[in-house]
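The values are calculated or read from the model by the stated rules, or taken from the named source; none is laboratory data. What you see is a predicted model; the values in this text were computed from it and never measured. Every residue, glycine among them, receives a Cβ derived from its backbone with ideal geometry; neighbour counts consider all protein chains shown. The accessibility values were calculated without ligands, DNA or RNA, using every heavy atom of the protein model including side chains. Shrake-Rupley method; radii C 1.70, N 1.55, O 1.52, S 1.80 Å.
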Amino acid sequence: MKTKKTLKQSAQFLIAPLFVLLICGCAVGPDFRVPDAPSVDRYTKSELPEKTIASDTKGGIEQKFIIGRDISREWWTLFHSDALDQLIRQALQENPSVALAQARLREARENRAAQFGSFFPSVDAGASVSRQRVSGASLGQPGAGSTTFSLINASIGVSYTLDIFGGLRRQLEALDALVEYQGYQLEGAYLILTSNIVTSAMLEASLRKQTRATREIIDFQTQQLKLVKERYNLGAVALADVLAQQSQLAQTEATLPVLEKNLSFVRHQLAVLVGKAPSEIDLPEFDLETMSLPQELPVSLPSTLLRQRPDIKAAEAVLHQASAQVGVATANLYPKITLSGSYGVVSNSLGDLFNGQSVIWNIGAGLLQPVFHGGTLRAQRRAAVAAYDQSLAQYRLTILQSFQNVADALRSLEIDALALEAQVKAEQAARESLELTRKQYELGAVSYPFLLNAQQQYQVAYINLVGAQSARFADTAALFVALGGGWWQDRADRKDTSQLSQE
């Protein structure tokens, strides 16, 4: 009883003042504060028009810019393609890049939980049994014989490092920031995956329509070749006209395999994005004719964009982590105090193991003060400050690039509408010119080179029209992606899940 009382008094004598130091201790180093955002209220220098112009063709509707409206989380559904929606939902479940980001987030959470355990004392229990033979000479008794005995030991050890200067707290803060970073990386994985699928689907639709348009041009040129041959057999045209039409047809046919190859490559990419090998899945066929161009386009305010885009929030988390690492490096310059103690029993027989004479204990405190490390600790702190400066520059650069992405997308949509209107007019003019030239050629009013030139102009105008149509779809998707894709709306759920996992 006296031994236990002495142990208790010694522990109180050492722990009480150190506990006061712990409570009064502060976390050295900078307290993180999100840098001030750029003071801008719009993305482009000139005023954004309320809506784009309309054209009488597929994808030619006017689009209205709704300033300040939040983007939908499932923004791809605005294209009204059930096949696209189902493919994205399947990809979100099976794509390895999403699984990779999810695993990294779980790893960061568990590392954070492991660091949180450093705030509690570590307790270890141990037991040992040994058989020893000791000579009398080793005990200072040269004439004595050897002694053989057993030694049984059981003890519990406790150690605890006081976080007086906040080094452990800063390490936990850095790991908290890493958890946030991995969460934003998961958002980024969702955004990249959905945007890649939408972009690939749009590209497939464009290639499919270009392929169809090329086949129509080939059919038309084949009919023209038949007509020229008939006129040649009647002696109405020269052989050069036949050869010129054959050459034109061959050149058009040569573009078809390239389109078909690119179409196959895009479908292979879509299969991989879904998480399947190209041979494992039957993909739907995407066509611009089955998609609708969104008429209302939400445009977040610049101040809101900073809270929505996952790359900006990820850069902010990296900056927070770098700030905490400065605190860790600063705390390493200060003393470290460690408390330790153990309580146990030791005896050379089991029968005497638990009597009062077998009890052993110790309690102590250790102080470690860095004195001289060749400038290592201060250099490490300066390196941590430099790393923070790098992260701050990267954070600001990410914001500027984000503003550029949105500005580019907005201007692209405005110009796309103008370009589509121009291409519609160009295609109509080229088609009417071709029809007129063909009739004139049949009547002998113009020579064959005029007809050939009209064919070439129409072919170029038709393909350019398809490209202008697909550009409006693709750039609309680019705007949704530039605005963050709506995945920020899941952050509250992710934080709740994180708290549950820690509990």
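What the table below lists for this structure:
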item	result
Every pair of residues 6+ apart whose Cβ atoms lie under 6 Å, when the first sits in region 371-394 and is within 24 Å of Pro38 (Cβ to Cβ) and of a type outside the set (A, V, I, L, M) while the second is open to solvent by 40 Å² or more (accessible area, probe 1.4 Å) and at pLDDT 95 or above	Ser391/Val318
Where Leu301 falls short, out of the listed (1) under 30 Å from Gln404 (Cα atoms); (2) open to solvent by 50 Å² or more (accessible area, probe 1.4 Å); (3) in contact with a helix residue (DSSP H, G or I) (Cβ under 8 Å, 6 or more places away or on another chain)	(3)
Residue within region 79-97 that is closer than 30 Å to Thr338 by Cβ and either assigned to a helix (DSSP H, G or I) or hydrophobic (A, V, I, L, M, F, W, C) (or both) present	no
Only one of Arg411, Arg382 that is of a type in the set (D, E, K, R), open to solvent by 40 Å² or more (accessible area, probe 1.4 Å) and farther than 30 Å from Val481 by Cα	Arg382
Residues of region 56-77 classified as at pLDDT below 90 and under 23 Å from Gly467 (Cβ atoms), total	5
The lone exception for Ala426 - which of (1) in contact (Cβ under 8 Å) with a residue 24 or more places away in the chain; (2) of a type in the set (Gly, Ala, Ser); (3) loosely packed, with under 14 Cβ neighbours inside 10 Å it fails	(3)
Flag for Ala477 being under 30 Å from the mean Cα position of the chain (by Cα) and modelled with pLDDT of 80 or more	yes
Residue in region 90-114 that is farthest from Arg472 (Cα to Cα), counting only those that are open to solvent by 90 Å² or more (accessible area, probe 1.4 Å) and at pLDDT 95 or above	Glu110
Hits in region 279-294 (condition: farther than 18 Å from Gln86 by Cβ, open to solvent by less than 90 Å² (accessible area, probe 1.4 Å) and out of contact with any Gly (no Cβ under 8 Å at 6 or more places or on another chain))	Pro294
Test for Gln469: is it out of contact with any strand residue (DSSP E or B) (no Cβ under 7 Å at 6 or more places or on another chain), open to solvent by less than 20 Å² (accessible area, probe 1.4 Å), under 17 Å from Gln223 (Cβ atoms) and of a type in the set (S, T, N, Q)	no
Members of region 59-85 found to be free of Cβ contacts under 8 Å to residues at least 24 places away in the same chain and more than 21 Å from Gln308 (Cβ to Cβ), listed by number	Asp82, Asp85
Elements of type helices (runs of 4 or more DSSP H) contained in region 226-340, each with 1 or more residues being within 30 Å of Phe32 (Cα to Cα)	302-308, 310-331
Whichever residue in region 115-131 is in contact with a Leu (Cβ under 9 Å, 6 or more places away or on another chain) and not polar (S, T, N, Q) and, among such residues, is surrounded by the most Cβ atoms within 10 Å (Cβ to Cβ)	Phe116
Hey, Ala174 at pLDDT 80 or above, not in a strand (DSSP E or B) and not aromatic (Phe, Trp, Tyr) or not	yes
Total residues in region 395-419, condition of a type in the set (S, T, N, Q) and touching a residue at least 24 places away in the same chain (Cβ under 8 Å)	4
Residue in region 369-376 that is buried (at least 17 other Cβ atoms within 10 Å of the Cβ) and modelled with pLDDT of 90 or more present	no
Flag for Ile360 being surrounded by 12 or more Cβ atoms within 10 Å (Cβ to Cβ) and assigned to a strand (DSSP E or B)	yes
Subset tally (residues that are among the small types (Gly, Ala, Ser) and within 21 Å of the chain's Cα centre (by Cα)) for region 266-302	3
Residue among Val258, Val242 that alone is open to solvent by 60 Å² or more (accessible area, probe 1.4 Å), without any contact (Cβ under 8 Å) to a residue 24 or more places away in the chain and among the β-branched types (Val, Ile, Thr)	Val258
Selected residue (only one of Leu193, Leu151, Leu186, Leu162 is open to solvent by less than 20 Å² (accessible area, probe 1.4 Å) and over 30 Å from Trp488 (Cβ atoms))	Leu162
Which listed residue is free of Cβ contacts under 8 Å to residues at least 40 places away in the same chain and in contact with a strand residue (DSSP E or B) (Cβ under 6 Å, 6 or more places away or on another chain), from Thr148, Thr222	Thr148
Hey, Asp70 surrounded by 12 or more Cβ atoms within 10 Å (Cβ to Cβ) and at negative phi or not	yes
Odd one out for Gly344 among (1) assigned to a helix (DSSP H, G or I); (2) open to solvent by less than 20 Å² (accessible area, probe 1.4 Å)	(1)
Region 220-229: number of residues that are open to solvent by 90 Å² or more (accessible area, probe 1.4 Å) and either at pLDDT below 90 or not basic (Lys, Arg) (or both)	1
